[in-house]
Amino acid sequence: MRDSRLKWGLIFLFVLWLFYGLSAYYVVQKPFSVPQLVTLLEDPATWLTLDFAWSSVFRLLLDVGTAVLINLAAWGIGTTILRFTKLKMDGLETAVFGTGLGFGALGLWVFFLGLVGGFTPTAFWGTMAIAMCLTLRQIYKQIKNLRKSAKSADNKKSPRPQRLNLPARGITFYLLIVLGLALIIALLPPTDWDGLFYHLKGPKLYLEAGRIIGGIDIPHLSFPALFEMLFTLAMGLRGDIAAKLLHFSFIPWLMALVYLISTRIFTTEATEKKETTSKNSVPSVTNNGWTAVLILISMPMVLNLGAQAYNDLPLAFYQVAALVALLRWRQQEQTGWLILNGVFAGLAMGLKYTSFVTPLILAGAVIWHIWNREKQANPQSPPTKPPRLRASALKKAIKPLLILTATTTLVALPWYLKNWAFTGNPVYPFVFGGQFWDDFRAAAYAGTGTGLGFDPIALLRLPHDLILGLNDASQDGQPGPLFLIFLPAIIIYAFSRWKRDGGVERPFNLLLIFALAQYIFWVWGVIFSAGLWQSRLLLPAFVALSPIIAWIFNDLARWDHPQFSLRRFVRLVIIMALAFNLVGQLLNWLPGVPLAYVAGSASRDEILTHWLGSHYTAMQGVNAQTPPDAVVRFLYEPRSYYCDRDCRPDSILDTFAHLEYLHNDANGIAQAWREEGISHILLFETGYEFIREQHMEWISPQNTHLMDDLAATHLQLVADWGDYQLYELK
């Protein structure tokens with residue numbers, strides 16, 4: 001009786017939390033609003049009318065074809081490399097790990113071409129020709145192996161290889177819609193903030209120079225640039241839309257990765273038996289794999305980022321893939337898995353500095369695994385021998401740790417050596433500073449003192465506020481309501497014995513520790529800087545949690561009662577959340593009229609003006625109203641991709657305040673500009689006024705009349721586009 005009351009009490013509290021989580025999320029992140037609907041209905045012809053053009057379809061096919069070609073090349077290269085590891089993998093594992101390896105190898109090769117001045121069409125197409133030869137060779141081998149396996153299975157000599165279970169029709173239909181909407185946005189010219197700032201700006205400058213160049217005051221170009229090299233390849237072969245599609249292609253690769261975790265790592269006979277006996281209760285979710293995929297796609301962040309020229313999706317892919325490789329090594333302890341683990345960790349460190357936390361987690365997991373193995377090998381060890389046990393475990397951990405460390409370091413090292421050669425600082429601009437950097441800029445970049453601080457209430461609320469999307473500095477998409485809904489269940493399952501099913505413990509611990517370590521590292525940054533409050537920085541953690549949530553959902557059957565099925569009720573909540581997400585995605589998609597460009601007659605200039613407004617107008621104006629040798633200094637505007645002059649962006653929005661710090665007044669600033677060769681100034685006045693209104697003292701000039709003094713004495717207005725003013729330096 002007591003256990004029954006406790007069970008019903010927990011169910012009641014969880015159902016209350018479900019209602020709260022779903023309602024709270026959609027109150028904050030409204031899937032639609034009355035003003036939004038009014039705007040759409042005021043002029044429906046703008047999004048209902050399509051002036052179809054075959055030329056646009058042909059252009060679309062070239063962009064998609066280029067991205068598919070690079071993906072095939074990556075698969076061919078990676079699969080060839082995988083054969084040297086002699087690891088036994090099924091088709092899904094080979095595709096996921098092989099493509100990840102191939103993208104890394106391609107990126108490093110393009111990086112080498114850039115260092116030796118090889119950014120030419122001949123080098124790019126030659127690279128693709130060699131890669132496609134490897135791909136065709138691997139395709140031939142795969143077909144040959146499939147025929148051999150089928151023949152062996154018919155002769156009952158060996159079982160058929162494990163196949164990918166197709167999803168239910170409802171899941172297939174939903175995935176096609178949401179991925180299709182995101183793909184159409186990805187087929188538009190670049191409009192995303194960081195893409196126009198540095199992800200595409202760097203490749204554009206490198207292609208113009210024919211090589212990788214330094215001495216550019218954009219500190220982000222010194223960040224590890226593995227994916228920027230792939231952008232460079234795509235832009236060299238075709239253009240910036242093909243580059244965007246490379247990032248989009250990591251949505252299906254992430255889907256495959258979480259499916260792999262759920263079906264190759266978590267699945268046991270007990271789980272399969274449970275799914276078979278309760279298949280009528282959840283007809284739209286056939287197994288943990290597709291449930292995990294739906295959890296992943298329920299994140300608006302994934303679909304939003306996938307349509308932009310960012311590097312967050314491959315960053316999440318490589319970190320979680322490294323984790324999966326380590327789980328495979330724990331099962332079999334083959335050196336090949338450990339090497340693969342280190343390679344993926346190194347590739348992640350070739351994308352962002354912040355990924356350094358992953359090799360630390362992996363190294364700790366290696367030590368912990370060997371410690372547990374030694375304990376199990378010596379179960380009768382007396383209490384007086386723990387020091388000997390620790391020494392034995394540490395001694396046996398040295399070799400795998402050396403392999404992991406050496407592999408990670410070798411793969412990541414090129415980016416840090418390049419920084420050292422170009423700037424004198426391997427982690428430029430952090431720690432050791434360098435060209436264009438000083439204490440003022442370091443403080444401006446960090447925004448020290450703007451974070452949460454050590455407020456215990458705010459820190460306790462942080463997971464809740466993070467998932468709801470409150471105070472997000474980037475607004476690049478939210479994790480979605482399902483992570484908030486399942487948060488209490490994740491915590492309960494993390495500390496309960498329900499992880500054990502049929503005597504088998506699933507690898508929850510490592511996945512949860514990985515997510516927790518990512519979260520702690522993120523919180524440490526948010527404590528000091530509001531600029532780091534960006535949910536996309538935790539995407540690797542959310543990807544790792546997706547298969548865990550899927551398993552917990554399927555395990556909720558243990559709480560079912562003849563009078564109430566908790567699993568079925570949660571299923572309805574998941575369907576409702578997915579439906580709301582689709583409505584929100586569609587209503588945000590329609591005003592952008594993407595089909596007008598993708599399949600219609602709208603020009604590139606027209607669609608960019610529609611999406612970017614005054615920013616694109618100003619860039620076109622700068623290109624038209626300045627001489628070819630003009631040097632344009634931007635103030636409070638970091639995006640310069642569409643500027644065809646020597647445009648120097650305000651990378652961290654501190655240029656004006658930094659000039660005041662260095663030169664004190666208008667005369668000193670104007671003289672510094674003349675010595676630098678600056679001919680024009682582009683002021684993003686809306687951004688300048690916003691920063692002043694928000695009292696961002698760390699990037700605002702102390703003299704509030706400084707810009708007026710400059711305009712009155714040293715600048716001549718050339719053009720005014722509302723938000724932007726172009727001045728000529730007298």
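The values are calculated or read from the model by the stated rules, or taken from the named source; none is laboratory data. Model, not experiment: these values are computed from the prediction. Counting neighbours? That spans all protein chains shown, and the Cβs are built from the backbone with ideal geometry, glycine included. These accessible areas exclude ligands, DNA and RNA; they are computed on the full protein's heavy atoms, side chains included. Shrake-Rupley method; radii C 1.70, N 1.55, O 1.52, S 1.80 Å.
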| field | Table column - 3J(HN,Hα) (Hz), the range 327-342, Karplus curve with 6.51, -1.76, 1.60, x for Gly and Pro | value | 4, 5, 5, 5, 6, 10, 6, 8, 4, x, 5, 5, 5, 4, 4, x
| said: Keeping all protein chains in the complex and leaving out DNA, RNA and ligands, what accessible area do you get for Val631 with a 1.4 Å probe, in Å² to the nearest 10? | reply: 20 Å²
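Accessible area, 1.4 Å probe, largest first: how do Ser651, Ser614 sort?
Ser614, Ser651
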| field | Inter-label distance for Lys399 and Ile139, nm, one decimal - labels placed 7 Å from Cα along Cα-to-Cβ | value | 4.2 nm
| request: With both partners inside the chain, how many of the DSSP beta bridges are antiparallel, as a percent to the nearest 5? | output: 65 percent
| request: Using 0.36 nm per residue of separation minus the Cα-Cα distance, give me the extension gain between Arg83 and Gln702 in nm, one decimal. | output: 216.7 nm
| query | What is the calculated FRET efficiency for Gln625 to Asp90, with r their C-beta to C-beta distance and R₀ = 60 Å, to the nearest 0.05? | reply | 0.50
| At a probe size of 1.4 Å, how large is the accessible area of Lys399, to the nearest 10 Å²? | 140 Å²
| remark: The equivalent-ellipsoid semi-axes of the range 575-730, taken as the square roots of five times the Cα gyration tensor eigenvalues and listed largest first in whole Å, are 35, 21, 11
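Report the calculated FRET efficiency for Asn378 and Leu470 (r = Cβ-Cβ distance, R0 = 51 Å), to the nearest 0.05.
So, using R0 = 51 Å, E works out to roughly 0.50.
Using only helices, what value at 222 nm comes out for the chain when you add -39,500 (n - 2.57) per DSSP H run of length 4 or more and divide by the total residues, to the nearest 500 deg cm²/dmol?
The helix contribution divided over the chain gives -21000 deg cm²/dmol.
Can you give the direction-averaged projected area of the convex hull of the alpha-carbon atoms in the range 393-434, in nm²? Write down the numbers at each step before the final one.
Values: hull surface 14.7 nm².
Result: 3.7 nm².
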| message | Suppose the Debye formula is applied to equal point scatterers at every Cα of the range 181-232; what is log10 I(q)/I(0) at q = 0.16 Å⁻¹? | response | -0.49
| query | What Cys residues in the chain are without a partner cysteine, judged by a Cβ distance under 4.7 Å? | reply | Cys133
| remark: Sorted by accessible surface (1.4 Å probe, heavy atoms of the protein chains only), largest first, Trp337, Trp8 come out as Trp8, Trp337
| query | In the full protein assembly as shown, how much of Met255 is accessible to a 1.4 Å probe, in Å² to the nearest 10? | reply | 20 Å²
| Rounded if a/c is under 1.5, else prolate if a/b beats b/c, else oblate: with a ≥ b ≥ c from the C-alpha gyration tensor eigenvalues square-rooted, which is the range 630-709? | oblate
| field | Carbon plus sulfur fraction of accessible area for the chain, probe 1.4 Å, in percent | value | 63 percent
| field | Lysine pair number, Cα distance threshold 18 Å (strictly under), the range 47-203, separation 8 or more or different chains | value | 8
| request: Extending each Cα 7 Å along its Cβ direction at Thr122 and Ser55, get the distance between those two points in nm, one decimal. | output: 3.2 nm
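Could you work out how much longer the chain between Ile177 and Glu676 gets when fully extended? Use 0.36 nm per residue separation minus the Cα distance between them, nm to one decimal. Before the final figure, lay out the partial values.
Values: separation 499, 0.36 × 499 = 179.64 nm, distance 5.17 nm.
In short, 174.5 nm is gained.
Assuming R0 = 41 Å, what is the FRET efficiency of Val68 and Gln694, from their Cβ-Cβ distance, to the nearest 0.05? Please list the in-between numbers first.
Values: r = 44 Å, r/R0 = 1.08.
Taking R0 as 41 Å, the efficiency between Val68 and Gln694 is 0.40.
Give, in nm to one decimal, the length gained when the segment between Phe454 and Val38 is fully stretched (0.36 nm per residue of separation minus the Cα-Cα distance).
Working: separation 416, 0.36 × 416 = 149.76 nm, distance 4.35 nm.
Here the segment from Phe454 to Val38 would lengthen by 145.4 nm.
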| task | List the extent of the Cα atoms of the chain along each of their three principal axes, largest first, rounded to whole Å. | result | 83, 64, 56
| field | Solvent-accessible surface ranking, highest first, for Asp560, Asp708 at 1.4 angstrom | value | Asp708, Asp560
| query | What residues from the range 586-603 fall in the zone where the backbone N is under 20 Å from a label point 7 Å along the Cα-to-C-beta line of Leu207? | reply | 598, 603
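With every protein chain kept in place and ligands, DNA and RNA left out, what is the accessible area per residue of the chain? Probe 1.4 Å, answer in Å². Working shown, then result.
On the way: 32570 Å² over 730 residues.
The answer is 45 Å² per residue.
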| message | Given the options His680, Leu462, Ile691, identify the residue whose Cα lies farthest towards the positive end of the charge dipole of the chain (+1 on Cβ of Lys, Arg; -1 on Cβ of Asp, Glu). | response | Leu462
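Give me the percent of Cα-Cα pairs in the range 27-168 that sit more than 26 Å apart, rounded to a whole number. Intermediate results must be reported in sequence, preceding the final value.
Values: 5350 of 10011 pairs.
Cα-Cα pairs in the range 27-168 separated by more than 26 Å: 53 percent.
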